[in-house]
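Enquirer: Please find one structure pasted underneath; my questions will follow.
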Amino acid sequence: MTDLTILMPCLDEAETLAVCIGTAQAWAAGRPDVEVLVADNGSTDGPIAITESSGARVVHGTERGYGAALRPLPLDRKSPHIR
């Protein structure tokens, strides 16, 4: 079971996303109960491919904005806790 979800809202963050995911994965190394989840809401600069190639998971929103990126999470996360 996943106990913690590290959440990264994303809108056109390709330039920094790989570093952020890598940092989160390094922190979570050895903790099989942690997932890294990127909430994308309409990026056009390729973060979905970066997320998938890094082994993190991506959920898609249909509406732009920080709050909108977070809305799909209650159904898509695998853990009871978000950081």
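Since every read-out is calculated from the coordinates, none of them should be taken as a lab result. Source: prediction; values computed, not measured. Glycine also receives a Cβ, built like all others from the backbone with ideal geometry; neighbour counts cover every protein chain displayed.
Enquirer: Using θ = phi - 60° and the Karplus relation 6.51 cos²θ - 1.76 cosθ + 1.60, list the HN-Hα couplings for segment 20-34 in order, rounded to whole Hz, with x at every Gly or Pro.
Expert: Each residue's phi maps through the Karplus curve to give 5, 5, x, 5, 5, 5, 5, 4, 8, 3, x, 10, x, 9, 10 Hz.
Enquirer: How are the C-alpha pair distances of segment 1-61 spread across 5 Å bins, as whole percents from the shortest bin up?
Expert: 4, 21, 33, 23, 12, 6, 1
Enquirer: Once you keep just the Cα pairs under 8 angstrom separated by 6 or more residues, what percentage relative contact order results for segment 4-76?
Expert: Details: 123 pairs, mean separation 26.0, N = 73.
It comes to 36 percent, rounded to a whole number.
Enquirer: Work through the residues other than D45 whose Cβ is under 12 Å from its Cβ and net out their charges, Lys, Arg +1 and Asp, Glu -1.
Expert: Numbers: positive: none; negative: D12, E13, E15, D40.
Residues close to D45 contribute a combined charge of -4.
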